[in-house]
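Chemist: So that we are looking at the same thing, I have put the structure below in structure tokens.
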Ligand SMILES: Nc1ncnc2c1ncn2[C@@H]1O[C@H](COP(=O)(O)OP(=O)(O)O)[C@@H](O)[C@H]1O
Ligand SMILES: [Mg+2]
């Protein structure tokens, strides 16, 4: 589902990624760990096409990403990639249901279909009683579950999460982690999670450690 080959990324004189190669199969749940500043977010943003590598190739769901124009890339990202960040990044003026629907509407899918899938996803997240709540009226765990539903609305080829539980207490953290494993099992969802959580890292199908700009063996 994801294939990266010899990815390099520099910020000025600083070479953060020095030749990362990685393959993720459909339905795999991969964790990425490493010290703060190791380049985990940089790698995830490249995998998510939010940032371009200086060298190397990236193939997602059979598409060679670096060959796409900026416009084609934005479209590709909206349809193929779901993001979950440490902070939920929900839009404050919109309800939970509307927040989940927005990427589906941007993709020009029929409103009825988008709304019914958004409702189903929020129900799956245990939030059927929270559809009309604004983000500020939700707990941290609930906000994060809304943002996971939003990430899934376009049935993305890959779900990328950057320290999704980093801001949560231990009960909510465990719940969110269980949810990721359930999504892999129920939807065959391909998932890459950057985490500091040892338990999550060790129970993933594979754990990748970034060290000195490379994957540590
Ligand atoms: N846009 C940027 N401009 C300059 N330096 C950056 C930028 N983004 C990240 N870096 C640097 O790259 C390194 C890796 O950052 P990051 O990928 O965020 O690490 P991690 O997520 O593993 O903590 C850090 O030293 C950071 O300061
Ligand atoms: Mg980071």
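The values are calculated or read from the model by the stated rules, or taken from the named source; none is laboratory data. Everything quoted here is computed from the prediction, not taken from an experiment. Cβ coordinates were reconstructed from backbone atoms using ideal geometry, including for glycine residues, and neighbour counts include every protein chain displayed.
Chemist: Name every residue in the stretch 198-212 that is outside any helix (DSSP H, G or I) and in contact with a helix residue (DSSP H, G or I) (Cβ under 7 Å, 6 or more places away or on another chain), in order of residue number.
Modeler: 207, 210
Chemist: For the stretch 154-165, give me each residue that is in contact with a strand residue (DSSP E or B) (Cβ under 8 Å, 6 or more places away or on another chain) and away from ligand 1 (no atom under 16 Å from the Cβ).
Modeler: 154, 156, 157, 158, 159
Each row is one residue, and each column tells you yes or no for (1) within 16 Å of ligand 2 (Cβ to nearest atom); (2) in contact with a strand residue (DSSP E or B) (Cβ under 9 Å, 6 or more places away or on another chain).
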residue	(1), (2)
9	yes, yes
14	yes, no
26	no, yes
51	yes, yes
56	no, yes
78	no, no
84	yes, yes
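Chemist: How many residues does the stretch 26-50 hold that are within 13 Å of residue 16 (Cα to Cα) and in contact (Cβ under 8 Å) with a residue 24 or more places away in the chain?
Modeler: Counting residues in the stretch 26-50 that are within 13 Å of residue 16 (Cα to Cα) and in contact (Cβ under 8 Å) with a residue 24 or more places away in the chain gives 10.
Yes/no per residue for (1) surrounded by fewer than 19 Cβ atoms within 10 Å (Cβ to Cβ); (2) outside any helix (DSSP H, G or I); (3) at pLDDT 95 or above:
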| site | (1), (2), (3) |
| --- | --- |
| 101 | no, no, yes |
| 113 | yes, no, yes |
| 117 | no, no, yes |
| 127 | no, yes, yes |
| 131 | yes, yes, yes |
| 136 | yes, no, yes |
| 143 | no, no, yes |
| 146 | no, no, yes |
| 154 | no, yes, yes |
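Chemist: Are any residues in the stretch 20-41 more than 16 Å from residue 196 (Cβ to Cβ) and either within 12 Å of ligand 1 (Cβ to nearest atom) or part of a strand (DSSP E or B) (or both), and if so, which ones?
Modeler: Those that are more than 16 Å from residue 196 (Cβ to Cβ) and either within 12 Å of ligand 1 (Cβ to nearest atom) or part of a strand (DSSP E or B) (or both): 20, 21, 22, 23, 24, 29.
Chemist: Quick check: anything in the stretch 28-36 under 26 Å from residue 165 (Cα atoms) and loosely packed, with under 14 Cβ neighbours inside 10 Å?
Modeler: Yes, the stretch 28-36 contains a residue that is under 26 Å from residue 165 (Cα atoms) and loosely packed, with under 14 Cβ neighbours inside 10 Å.
Chemist: Additional query: Mind listing whichever residues of the stretch 118-131 are in contact (Cβ under 8 Å) with a residue 24 or more places away in the chain and in contact with a helix residue (DSSP H, G or I) (Cβ under 7 Å, 6 or more places away or on another chain)?
Modeler: 118, 121, 122, 125, 127, 130, 131
Chemist: Residue 99 - would you say it is without any contact (Cβ under 8 Å) to a residue 40 or more places away in the chain and either touching a helix residue (DSSP H, G or I) at 6+ places or on another chain (Cβ under 7 Å) or over 29 Å from residue 25 (Cβ atoms) (or both)?
Modeler: In short, no.
Chemist: Filtering the stretch 55-71 down to residues that are closer than 15 Å to residue 81 by Cα and in contact (Cβ under 8 Å) with a residue 40 or more places away in the chain, which residue is surrounded by the fewest Cβ atoms within 10 Å (Cβ to Cβ)?
Modeler: For the stretch 55-71, the residue satisfying everything is 59.
Chemist: What tally of residues in the stretch 161-190 results from selecting those that are within 21 Å of residue 114 (Cβ to Cβ), outside any helix (DSSP H, G or I) and either within 16 Å of ligand 2 (Cβ to nearest atom) or without any contact (Cβ under 8 Å) to a residue 60 or more places away in the chain (or both)?
Modeler: Looking only at that region, the number is 0.
Chemist: Now a separate question. Quick one: would you say residue 41 is under 18 Å from the mean Cα position of the chain (by Cα) and within 10 Å of ligand 2 (Cβ to nearest atom)?
Modeler: yes
Chemist: Moving on. If only one of 17, 44 is part of a helix (DSSP H, G or I) and either within 30 Å of residue 139 (Cα to Cα) or within 13 Å of ligand 1 (Cβ to nearest atom) (or both), which one is it?
Modeler: Sole residue among the options that is part of a helix (DSSP H, G or I) and either within 30 Å of residue 139 (Cα to Cα) or within 13 Å of ligand 1 (Cβ to nearest atom) (or both): 44.
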